[in-house]
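Encoded as structure tokens, the structure appears first; notes follow it.
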Amino acid sequence: MKIWKKLGLVALSTMMVLGMAACGSKSSSSDSKKHTITFMYRGGEDEKKAYGQAIKQFEKTHKNVNVKIIVTSADNYATKLQAAISGNKVPDVFYIEQNNLLAYVNNGVLKDISKEVKKSNIDLDNVWSYGVNSYRTNGKTVGKGPLYGLPKDVGPMSLGYNKTMFEKNNIPLPDKDKPYTWDQFIEVSKKLTKDTNGDGKIDQYATGFNVNWSLQAFVWSNGGDWTNKNKTKVTINTPQFAEALQYFADFQNKYHITPSAKESQSLDTYQRWMKGELAFFPVGPWDLSTYNKLKFDYDLMPWPAGKTGKSATYVGSLGIGVSNKTKYSQDAVELAEYLSTNKKAQKTLVDAGVQIPNLKNMAQTWADDKSLKPANREEFLQIVNDYGRAMPAATTYNSEWYDVFMTDIQPVLDGKVTAKEYVKKEQPKMQTKLDAANQQLKATAQK
Amino acid sequence: MTEETVVEKKKKTFFHHDSKLYRDEHRAALLMIVLPVIGFTIFTLLPLIYSIFASFTNWNGLGEMTFTGWRNFQLMMKDNYFWQTLGNTFYLMLGIPIGLILSFLLASALSRGLKGTTFFRVVYYIPVISSLAAIAIMWQWAYNGDYGLVNQVLALVGIKGPNWLQNVHTVKPAIIAMSVWKGLGYSMLLYLAAIQSVPKSFYEAADLDGANAFQKFKNITWPMCRPVTFFLIITNVIGGSQIFTEINIMTPTGGPEYSSATIVWYIWQKAFKNFQMGYASAMSMILGILIFIITALQFYVNRKSDYKLS
């Protein structure tokens with residue numbers, strides 16, 4: 001029961017912070033002109049700074065609005081936001097994680113901002129449709145219906161390669177439009193995996209993929225998927241899926257192109273990549289500010305393609321939503337619009353190297369700019385526009401069913417269980433959880 | 001009036017309930033009592049009552065609550081993860097006896113008046129005052145399969161250590177080792193105080209009777225430390241059943257195949273990640289009741305515990 005004391009404390013302290021913010025808004029609104037809205041968001045250091053700056057610019061154009069910022073670390077965000085919601089102190093504007101959209105909408109937390117956005121003449125066609133559609137919902141499925149938020153960003157997960165390493169080993173650089181086949185990928189990887197200093201220990205590897213963030217690309221490009229389209233059936237129990245998972249596990253167990261068999265934490269392979277000891281590594285837009293400072297040259301390429309012959313990967317997104325209970329809905333919506341679609345704000349954020357532009361035309365200019373690194377930034381845009389997909393659990397009521405898959409997967413990666421056995425054993429477990437999530441969705445959608 | 005009666009009268013008015021001084025003091029006392037009571041009510045009692053209510057609903061933490069009777073508790077009985085995380089939590093408590101034995105030995109060693117006792121006391125106490133989150137992060141690095149300090153040391157003697165936190169069989173012992181290390185200083189200090197407060201005359205009497213060192217330990221030192229042992233067991237069991245921070249930091253996904261997920265961690269997942277606040281409340285009710293039963297049992301077993309030497 002002490003847990004409740006702890007959770008209660010978290011909730012209450014959050015409320016206190018928010019309460020103070022609310023008090024602030026009351027006192028300043030007494031002069032009827034200037035008032036305060038709260039904005040809750042999360043992010044790493046660079047991101048916090050960049051958004052802080054963009055908000056200052058917003059305040060300059062909205063003289064009567066004072067934006068109170070509540071910023072948390074990425075890990076704490078969901079907990080703190082939910083505590084605020086339970087305590088009835090919802091911030092006026094806040095980030096929405098994709099997989100929480102349905103729950104927030106069906107429980108009346110988020111405001112339908114369709115009308116406001118329409119009125120403000122924002123050219124939504126110039127914003128990534130994946131980004132906008134991620135925040136449309138009719139309460140049952142995501143993708144169509146009223147608008148409940150605007151994209152804070154879209155996050156295409158591309159594949160990077162160490163260009164310097166390729167050149168040193170006289171291997172032709174990967175084509176930026178024609179993906180490797182799986183066999184080609186292994187072939188190149190084997191050439192790049194070697195002992196560079198002659199001490200008998202391999203110190204340069206090809207891959208070091210974290211299963212959580214990389215398996216999707218292989219499964220999808222092989223024609224497999226976690227669920228059917230309607231998100232009602234778990235479909236991991238297919239030959240294509242099993243083959244892709246086996247291929248992924250074989251990187252370390254059969255082909256030995258990934259460091260240490262027991263290795264799976266991304267921290268270490270991340271460090272190897274940064275030290276220039278890995279040939280391939282996933283790259284998201286938020287990585288650019290860090291990776292551009294690395295000592296070696298790198299570029300982006302399409303993910304290796306399986307049976308479908310087409311590259312695949314996921315594209316994430318965070319949204320900016322407005323509270324259903326906000327007192328200053330006009331200003332709140334304007335802040336969301338400003339951060340999502342204002343040119344000046346976008347420039348600030350893109351220059352900080354934390355995201356790609358939300359505006360299509362701006363993104364094209366950014367991708368064409370020869371002075372920026374990495375050269376093939378176009379790949380990001382292609383992913384968003386073309387072949388990127390949402391994470392499997394991004395549009396289900398909760399992600400419990402999907403988490404089960406990742407929780408139990410270690411034996412497959414260690415080569416103790418074959419992929420075929422695994423998908424057969426996991427499917428019913430995941431199906432039960434998915435059914436429960438859909439049940440929950442149904443119950444809230446009816447209200 | 002003699003002087004004596006004046007004093008008597010003064011005394012009387014002072015203690016009389018109508019005196020101003022008495023009332024002021026009384027008010028101050030009430031104020032002091034009221035603060036913690038308010039705190040307890042707001043931060044413990046109300047949330048507790050609220051969560052008892054929530055445990056009978058399908059509340060998702062956002063919207064309305066619908067009463068569902070005993071459904072959450074029925075679901076729990078069939079929920080494998082509930083049982084697994086509960087089992088993990090008890091498994092991790094294996095660290096409690098280990099910690100107690102080690103800290104008792106350390107306290108005995110330090111109570112012998114060796115040189116540098118203060119130094120060692122400080123050394124062992126540092127982990128206690130350090131932030132748990134910081135310690136968990138530090139140990140997470142130490143346990144790293146490739147670069148970790150633990151495996152580097154093992155490599156010196158030719159053992160290839162596992163990837164501690166990613167292996168089903170090593171993740172729990174690894175966390176136990178960390179918790180023991182973290183709690184050692186606190187238990188040691190309490191034991192040290194207990195050992196040093198045993199009257200010397202007991203040992204002198206035992207010497208006269210020709211008792212050897214083991215007999216003295218068995219019949220004097222250990223029984224005299226029993227209240228401390230009791231206190232430590234109770235607080236450790238209560239704390240141990242709520243272990244969360246180190247789990248969440250060291251194995252944010254509950255470890256390989258949920259092997260390090262504890263019950264509180266699972267409750268937290270359900271409540272804040274999967275929108276099942278009602279179910280989470282129900283589990284915490286069960287956890288609360290379990291802790292209560294275990295503690296009551298310990299009090300019962302230990303009801304004869306006092307300073308009497310047998």
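The values are calculated or read from the model by the stated rules, or taken from the named source; none is laboratory data. Just so we're clear, the structure is a prediction, and the values are computed from it rather than from any experiment. For neighbour counting, all protein chains shown are included, and Cβ atoms are generated from backbone atoms with ideal geometry for every residue, glycine included. Accessible surface is based on the protein model in full, side chains and every heavy atom, while ligands, DNA and RNA are left aside. Shrake-Rupley method; radii C 1.70, N 1.55, O 1.52, S 1.80 Å.
Quick grid of which residues meet (1) more than 30 Å from B:Pro252 (Cβ to Cβ); (2) in contact (Cβ under 8 Å) with a residue 40 or more places away in the chain; (3) in a helix (DSSP H, G or I):
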{"site": "A:Asp46", "(1), (2), (3)": "no, yes, yes"}
{"site": "A:Lys60", "(1), (2), (3)": "yes, no, yes"}
{"site": "A:Lys63", "(1), (2), (3)": "yes, no, no"}
{"site": "A:Lys80", "(1), (2), (3)": "no, yes, yes"}
{"site": "A:Ile85", "(1), (2), (3)": "no, no, yes"}
{"site": "A:Val90", "(1), (2), (3)": "no, yes, no"}
Exercise for the section: With the condition kept exactly as written, say whether any residue in region A:221-239 is in a helix (DSSP H, G or I), more than 14 Å from chain B (Cβ to nearest Cβ) and touching a strand residue (DSSP E or B) at 6+ places or on another chain (Cβ under 9 Å). Expected result: yes
Practice task
Kindly state which helices (runs of 4 or more DSSP H) lie completely within region A:112-195 and contain at least 1 residues that are over 21 Å from the mean Cα position of the chain (by Cα) and in the same structural domain as A:Pro302 (by TED's automatic domain parsing).
Solution key: A:163-168, A:182-192
Fill in the blank from the handout: How many residues of region B:27-53 are at the interface with chain A (Cβ under 10 Å from one of its Cβ atoms) and either closer than 17 Å to A:Gln439 by Cα or open to solvent by less than 50 Å² (accessible area, probe 1.4 Å) (or both)? The answer is 4
Practice task
Could you identify the single residue in B:Ile159, B:Ile175, B:Ile233 that is open to solvent by less than 20 Å² (accessible area, probe 1.4 Å) and assigned by TED's automatic domain parsing to the domain that holds B:Thr245?
Solution key: B:Ile175
Exercise for the section: State whether one or more residues within region B:108-130 are of a type in the set (Val, Ile, Thr), assigned by TED's automatic domain parsing to the domain that holds B:Lys218 and closer than 30 Å to B:Glu257 by Cα. Expected result: no
Practice task
Say whether the condition of being open to solvent by 40 Å² or more (accessible area, probe 1.4 Å), free of Cβ contacts under 8 Å to residues at least 24 places away in the same chain and either more than 14 Å from every other protein chain (Cβ to nearest Cβ) or basic (Lys, Arg) (or both) is met by at least one residue in region A:393-406.
Solution key: no
Handout entry: Conditions (1) open to solvent by 40 Å² or more (accessible area, probe 1.4 Å); (2) under 30 Å from A:Val105 (Cβ atoms); (3) touching a Leu at 6+ places or on another chain (Cβ under 9 Å); number of the one not met by B:Arg121
Key = (2)
Exercise for the section: For region B:280-301, indicate whether the set of residues that are over 30 Å from B:Met138 (Cα atoms) and touching a strand residue (DSSP E or B) at 6+ places or on another chain (Cβ under 6 Å) is non-empty. Expected result: no
Completion exercise
The correct count of residues that are more than 30 Å from B:Ile247 (Cα to Cα) and touching a residue at least 12 places away in the same chain (Cβ under 8 Å) in region B:107-134 is 3
Problem - Matching residues in region A:418-437 - criterion: being among the aliphatic types (A, V, I, L, M) and over 28 Å from A:Lys310 (Cα atoms) - result: A:Leu434, A:Ala436, A:Ala437
Practice task
Report yes if some residue within region B:204-221 is open to solvent by 20 Å² or more (accessible area, probe 1.4 Å), over 30 Å from A:Ser86 (Cβ atoms) and among the aromatic types (Phe, Trp, Tyr); otherwise report no.
Solution key: yes
Exercise for the section: Considering each residue of region A:418-443, count those that are open to solvent by 10 Å² or more (accessible area, probe 1.4 Å) and within 11 Å of chain B (Cβ to nearest Cβ), and give that number. Expected result: 8
Handout entry: Residue list for region B:73-87, filter: open to solvent by 10 Å² or more (accessible area, probe 1.4 Å) and either in contact (Cβ under 8 Å) with a residue 40 or more places away in the chain or not small (Gly, Ala, Ser) (or both)
Key = B:Phe73, B:Gln74, B:Leu75, B:Met77, B:Lys78, B:Asp79, B:Asn80, B:Tyr81, B:Trp83, B:Gln84, B:Leu86
Handout entry: Selection status of A:Thr365, more than 14 Å from every other protein chain (Cβ to nearest Cβ), surrounded by fewer than 22 Cβ atoms within 10 Å (Cβ to Cβ) and touching a strand residue (DSSP E or B) at 6+ places or on another chain (Cβ under 7 Å)
Key = no
Practice task
Please enumerate the residues belonging to region B:145-192 that are modelled with pLDDT of 85 or more, at the interface with chain A (Cβ under 10 Å from one of its Cβ atoms) and either in contact with a strand residue (DSSP E or B) (Cβ under 8 Å, 6 or more places away or on another chain) or in a helix (DSSP H, G or I) (or both).
Solution key: B:Trp164, B:Leu165
Fill in the blank from the handout: Of the candidates A:Lys327, A:Lys420, the one satisfying the condition of being in a helix (DSSP H, G or I) and at pLDDT 90 or above is A:Lys420
Practice task
Only one of these is at pLDDT 90 or above, closer than 27 Å to B:Arg226 by Cα and in contact with a Leu (Cβ under 8 Å, 6 or more places away or on another chain): B:Leu102, B:Leu110, B:Leu94. Name it.
Solution key: B:Leu102
Fill in the blank from the handout: Note on region A:229-245: residues modelled with pLDDT of 95 or more, open to solvent by less than 50 Å² (accessible area, probe 1.4 Å) and either farther than 30 Å from A:Gln439 by Cβ or not hydroxyl-bearing (Ser, Thr, Tyr) (or both) are A:Val234, A:Ile236, A:Phe241, A:Ala242, A:Ala244, A:Leu245
Exercise for the section: Name the one entry in B:Ile234, B:Ile294, B:Ile289 that is within 10 Å of another protein chain (Cβ to nearest Cβ) and not in a loop (DSSP other than H, G, I, E, B). Expected result: B:Ile289
Fill in the blank from the handout: Given the conditions (1) touching a Phe, Trp or Tyr at 6+ places or on another chain (Cβ under 9 Å); (2) within 11 Å of another protein chain (Cβ to nearest Cβ); (3) of a type in the set (D, E, K, R), every one holds for B:Glu246 apart from (2)
Problem - Condition broken by B:Leu290, with the remaining ones in (1) closer than 23 Å to B:Thr57 by Cβ; (2) free of Cβ contacts under 8 Å to residues at least 40 places away in the same chain satisfied - result: (2)
Problem - When residues of region B:247-268 are limited to those that are open to solvent by 20 Å² or more (accessible area, probe 1.4 Å) and part of a helix (DSSP H, G or I), the one nearest to B:Gln140 (Cα to Cα) - result: B:Ile249
